[in-house]
Amino acid sequence: MTKAMDQILWHEVEPGGVITEPGNASSYHTGTWRSQKPVYIEEKCIRCSRCIIMCPDAAIRPDYDANIVTWNFDYCKGCGICAEECPVDAIEMVEEG
Ligand code: SF4
Ligand code: SF4
């Protein structure tokens, strides 16, 4: 029988989110968490790289050949920080389709 939350002792709590080895972030596709998605508006972008620096998942990279920034949606968790930090509103968050 499942115990009520206030009856569970600290040593009975099942551990969660345990990181057992360093440098394993690429193994976890945080993109599966996403409910919203950033959309890049290239015409507005001034190539300041702020979104690249601010993304906590390193999901944004420069494409120097095309002179744009690009997203790796395996790791973009849809937090919206890039859109919030973009100084010219060149990133818009939309509902994940
Ligand atoms: S929404 Fe969040 S995780 Fe995705 S690219 Fe922007 S800052 Fe990174
Ligand atoms: S923060 Fe905005 S303007 Fe700067 S590179 Fe990213 S999308 Fe472009």
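Some observations on this one:
- In the chain, the DSSP-assigned H stretches of four residues or longer account for a calculated mean residue ellipticity at 222 nm of -2000 deg cm²/dmol, using -39500 (n - 2.57) per stretch and the full residue count as denominator.
- Residues in the chain average 76 Å² of solvent-accessible surface per residue, probe 1.4 Å, ligands and nucleic acids excluded.
- Using heavy atoms of the protein chains and a probe of 1.4 Å, the accessible area assigned to Arg47 is about 90 Å².
- Accessible carbon and sulfur surface of the chain relative to its total accessible area, %, 1.4 Å: 54 percent
- Among Pro56, Pro38, Pro22, residue whose mean-square fluctuation peaks in a GNM of the chain (springs only between Cα atoms under 10 Å): Pro22
- Pairs of alpha carbons in the chain separated by more than 22 Å make up 44% of all such pairs.
- Per-residue 3J(HN,Hα) values for region 40-54, derived from phi via the Karplus relation 6.51 cos²θ - 1.76 cosθ + 1.60 with θ = phi - 60°, read 8, 10, 4, 5, 8, 5, 9, 6, 7, 6, 4, 4, 5, 5, 7 Hz in sequence order (x marks Gly and Pro).
- Mean separation of Cα contacts under 8 Å (6+ apart) over length of the chain, as relative contact order %: 35 percent
The values are calculated or read from the model by the stated rules, or taken from the named source; none is laboratory data. Here the structure is a predicted model, which means the values were calculated and not measured. Just the protein is used for accessible areas: all its heavy atoms, side chains included, with ligands, DNA and RNA removed. Shrake-Rupley method; radii C 1.70, N 1.55, O 1.52, S 1.80 Å.
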